[in-house]
4 protein chains.
Amino acid sequence: MEELERMQDMQVHTDLALEARESVTEGREGILGVSIEEEFHKDSGVRVTRVEVLDERGEQAIGKPRGVYITLEAEQMAVHDEGCHREISRALAEYIRELLKGFGSPTSVLAVGLGNQEVTSDSLGPQVLNNLMITRHLTGEQKEEAPGTFSVSGIVPGVMAQTGMETAEIIRGIVEETKPEALLVVDALAARSVSRLGTTIQLSNTGISPGSGVGNHRHSLTEESLGVPVIAIGVPTVVAAAAIVYDTVDALAELLEAAGASGAAEAVDGMELSERYQMVKELIEPRLGPMYVTPGNIDERVKLLGYIISEGINQVFGNKLPPHTEEQA
Amino acid sequence: MEELERMQDMQVHTDLALEARESVTEGREGILGVSIEEEFHKDSGVRVTRVEVLDERGEQAIGKPRGVYITLEAEQMAVHDEGCHREISRALAEYIRELLKGFGSPTSVLAVGLGNQEVTSDSLGPQVLNNLMITRHLTGEQKEEAPGTFSVSGIVPGVMAQTGMETAEIIRGIVEETKPEALLVVDALAARSVSRLGTTIQLSNTGISPGSGVGNHRHSLTEESLGVPVIAIGVPTVVAAAAIVYDTVDALAELLEAAGASGAAEAVDGMELSERYQMVKELIEPRLGPMYVTPGNIDERVKLLGYIISEGINQVFGNKLPPHTEEQA
Amino acid sequence: MEELERMQDMQVHTDLALEARESVTEGREGILGVSIEEEFHKDSGVRVTRVEVLDERGEQAIGKPRGVYITLEAEQMAVHDEGCHREISRALAEYIRELLKGFGSPTSVLAVGLGNQEVTSDSLGPQVLNNLMITRHLTGEQKEEAPGTFSVSGIVPGVMAQTGMETAEIIRGIVEETKPEALLVVDALAARSVSRLGTTIQLSNTGISPGSGVGNHRHSLTEESLGVPVIAIGVPTVVAAAAIVYDTVDALAELLEAAGASGAAEAVDGMELSERYQMVKELIEPRLGPMYVTPGNIDERVKLLGYIISEGINQVFGNKLPPHTEEQA
Amino acid sequence: MEELERMQDMQVHTDLALEARESVTEGREGILGVSIEEEFHKDSGVRVTRVEVLDERGEQAIGKPRGVYITLEAEQMAVHDEGCHREISRALAEYIRELLKGFGSPTSVLAVGLGNQEVTSDSLGPQVLNNLMITRHLTGEQKEEAPGTFSVSGIVPGVMAQTGMETAEIIRGIVEETKPEALLVVDALAARSVSRLGTTIQLSNTGISPGSGVGNHRHSLTEESLGVPVIAIGVPTVVAAAAIVYDTVDALAELLEAAGASGAAEAVDGMELSERYQMVKELIEPRLGPMYVTPGNIDERVKLLGYIISEGINQVFGNKLPPHTEEQA
């Protein structure tokens, strides 16, 4: 059963390192090549998980490139709760600062809002960019008024159906021309579990890998491909429809087993299992391939999370103290 | 098996009369109280199905109120094919004219674009309204220039999360104040099958029933509730995520049966079937309740279909001859 | 000269009571039937002017219906200055509370976002509505979570070119159907002076008069026409292009006078002045009639002010304490 | 007087070569270094003016770089008139083909939609891009279905306040990375006369010069700066507010002169004229500097013209025959 579950989980792509790691059976000393730390902030209700992929063994185990993946989870992200949102923005700002420090504290950053602003579930990146404080072009007096010491530029490159170009081509061109010291890429992600939609933020210092994101960007945005380090911030907004198929098969198998239906147990759980499973897949997946599952109120969730994230970024680049501290001063 | 299938199909709501009827086992003389006609237009590749619910028996059989439901289906709706789109607009215009004639040929019409323009899959109504020729306010010279003899007004009422009001309340108020002779309501629909997303248009003379539509309007827009006849035009853009669960259960059951897994056949197809089925539902549905399945390129599909539909409506109300005829004259 | 100036000022419509009053020559005891109070808040840099039109004499003098007009002015509204914006939202909230109290403290309010969201300078109303907390539809548990005791509904009715209907017809219908106890109408306004664009907020308890607003709503939204009291909040975003013509004529006349050009002084300032003035008007105005002057960065100004205003309204209806107080508590 | 007029005209920037040329006093054999041809298409009501700047004398005379400027003018552009719009799209397609031929018939083109999509009068470029058929990314079967032999890519780079980067930097980077053989740039323009707003299309083979466009792009998009030839298509959507000041001064001066007001004539038309004029300018312009004049229905005009232009471009790159011909075949 475990083997099957794992096989199934691996077949539905997830952009979350957290979920990729959950699908791996841990040995006694955890997953080799992967370090995991968890924290729960009682006040804000935010659970923080730090997955670090340390070496090639880790890369193979969870299918994500070497680097740090920090996940913030909280049910309240999806509902109006200003106090909680302020806490999350503040936490996000701290983690961004940490990752920037790891890159040698760059002071000029290009923010990239990936995704398609015409598709609600894919519009997180453009929405975040829309609220960022852009400062690279300011001069003289304006510059003095702008609070931060960062030079921030931003771009919403669109998706390939709109531009005919790979996002990576567009960004590489702009990077070569404008020479930012680092990239900060914001994107909507695909998760494996519907319960994570709109309630999770993932940060990483690895950039964007091929095939990830809602819009399925074929090429990568990484330090390797662009020549500058890349921080990625993402929020899962969709689950591939195929995931529902696999969840249903699992649930059925468990039920049959529990009911002790011997024949069924054999048939569904037996040696031919993976074979049959393949057949279900072939029956159902072709129609579902390009289909996504998303919540009915995805517009509100993306709007809230877009705001939380842009506030976090603005705190870093605007050198603004978080409102809390400001008032105390 | 059939009983189960039917049960399952009925449990996932569909706004399409076509699909509601497909889920019913027909007797020798068809479904009592329902008349069905099909046509296939070879040139344009459009399949037209006319389902007429004639009496109470028909209403009970397919769960739709008495009236005419005309469905246009064509794969080409979902791709760029101007020739085909022009044909569909023209066909749509003819069916709208027919339904209007059935209402005594009203000359003042309020067009209503239901749905949430912030959610791509629910934005069909607002997009159609955006392209309609509105003429009710024109006076004197402008009126002479406007080609049609219709007085057309239009409204995009928004959804309850945005307004705090039932759409029916808003529309009833406007109808009472501005006294149109008929309503034309455009809405995004929920289908049962993903293959119909963005490839189907349904027209009916029954208005909008409670609980239909992507945005789940709780109250109805019907002649009974508003005092004026209502033509509804809809396009399925989502499938409830639960439908995928049921499809998977079906596919598994068929596979097991085919494989002759006797125990499994008993267990899954046996007398306890509906019971087990209920258990799957209880396991999986709670998380999926408010989730929808929609294609990745839903923005393009809604844009194309919005354009096809608004062109069709403009042909009727602008008294414009379809381009074809125009050029011949 | 004064007579001419006044004549000119009166010929270019302004929606601001403040400006209407400025164009009137005051007698020794001010303008009869009009009471004026001014305050300057040194900390926030906000100037508050309260113009009260007391009776028919006042109505005739400044061309505005009886009622209270409160104007908040601050250069900082047009630039990013969160501290200042918070102060203005807070002040706005207080004035809204005051006006509501004057209406007998209604607890159910319909918020109306007037204007055309497709035209940046006319999109203030729709933008404010987009950020309001709507609560009328909440039930049970949700209601308990919603902080305020108000029932807030909202509508963006669109403009006549989009709907074919007078905004007043739409609103009257909705008011009759949903029975709110008061209206809160937000609109973009036309000012007389470009220096006020995006730096001024006007509140009044008189509703919207015919012919006001950027989109030139022909009918009124007032207690008289709707049966419920109406608070109006507006921000000037355009100046009629004709105003520039009059400003230029004034400037030229002053220059000529200053230069002592006797002939010119006679010619431009003499008895035939209004006549000549009329001729200029006839030469230039026809082309400018439907033209508006607006700043190049109108998108930023409308966005900032929309946010300031929606925050103010949310403080009132959400019973939220202003952030300041909250932190102290 | 003429000198003054010219001086004034030159002080208000126009992006239209047509207007730049109108402001120049022609000698007996026209303007040296500038060739002008005019045509009037009686059927469609379109006036076509071809201004060719031949050499340095021409560049100095009208202040535009060497090249061809083709202007299409028709009142009907601003109103709903499908027949006329089809004619204009067709004419536009022919002129684009002509200019492309002059560039050696490139087959890969990058379309650029300049301007700010958040400001209605500046959103022409983004709106046109939104309707273009993008084909560069198509492969295999899709490619065979796509009608044209062109490879079309597209980008909406945003404006400096949004990106912190010069548009020229962004485009240069993308051009170097993706190597298109030519650029097609679409932009909203500033005209000198309000009568041309939304009724004029200008094509040129010179690209975009510094300081032109509504959004005031500081750097240029030209063959010289980018290394590939650039076709520019523009539509005037605004007039600088200062133009109204100058028009008023002119009108006043004429009136005074006509009235024989000797003193005034002296004063206004005398030797100190340009000096006084300067004073008016100093009085009024500071406030008007960043102000624009635009029609109230700018959204409809931009929408119509965006559609006309995208249809014209799609005819060229899709190798689509214009609908007329198509029907005859």
> What about C:S35, is it touching an Asp or Glu at 6+ places or on another chain (Cβ under 6 Å), in a loop (DSSP other than H, G, I, E, B) and small (G, A, S)?
Replying inline: no
>> Looking only at the stretch D:46-96, how many residues end up being under 20 Å from D:L305 (Cβ atoms) and in a helix (DSSP H, G or I)?
In response: 19
> Considering D:V112, D:V175, which residue is under 30 Å from A:T135 (Cβ atoms), touching a residue at least 40 places away in the same chain (Cβ under 8 Å), more than 10 Å from every other protein chain (Cβ to nearest Cβ) and not in a loop (DSSP other than H, G, I, E, B)?
Replying inline: D:V112
> Out of (1) touching a residue at least 60 places away in the same chain (Cβ under 8 Å); (2) more than 17 Å from the chain's Cα centre (by Cα), the odd one out for B:H41 is which?
Replying inline: (1)
> For the stretch C:208-254, how many residues meet the condition of being within 14 Å of the chain's Cα centre (by Cα), at pLDDT 75 or above and within 14 Å of chain D (Cβ to nearest Cβ)?
Replying inline: 4
> Counting only residues that are open to solvent by less than 30 Å² (accessible area, probe 1.4 Å), more than 10 Å from chain D (Cβ to nearest Cβ) and at pLDDT below 70, how many does the stretch C:276-320 have?
Replying inline: 0
> Within the stretch D:5-57, can you find the residues that are modelled with pLDDT under 85, touching a Phe, Trp or Tyr at 6+ places or on another chain (Cβ under 9 Å) and aliphatic (A, V, I, L, M)?
Replying inline: D:M7, D:V12
>> Give me the residue from the stretch D:56-108 that is β-branched (V, I, T) and crowded, with 18+ Cβ neighbours inside 10 Å and, out of that set, farthest from D:S195 (Cα to Cα).
In response: D:I96
> For A:V53, all conditions in the list (1) open to solvent by less than 70 Å² (accessible area, probe 1.4 Å); (2) in contact with a strand residue (DSSP E or B) (Cβ under 8 Å, 6 or more places away or on another chain); (3) within 29 Å of A:G318 (Cβ to Cβ) hold save one; what is the number of the exception?
Replying inline: (3)
> Is at least one residue of the stretch A:181-188 assigned to a loop (DSSP other than H, G, I, E, B), more than 9 Å from every other protein chain (Cβ to nearest Cβ) and at pLDDT 95 or above?
Replying inline: yes
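The values are calculated or read from the model by the stated rules, or taken from the named source; none is laboratory data. Because the structure is predicted, anything quoted here is derived from the model rather than measured. Methodologically, a virtual Cβ is constructed for each residue, glycine included, from the backbone with ideal geometry; neighbour enumeration extends over all protein chains shown. Note: areas computed on protein heavy atoms with side chains; ligands, DNA, RNA excluded. Shrake-Rupley method; radii C 1.70, N 1.55, O 1.52, S 1.80 Å.
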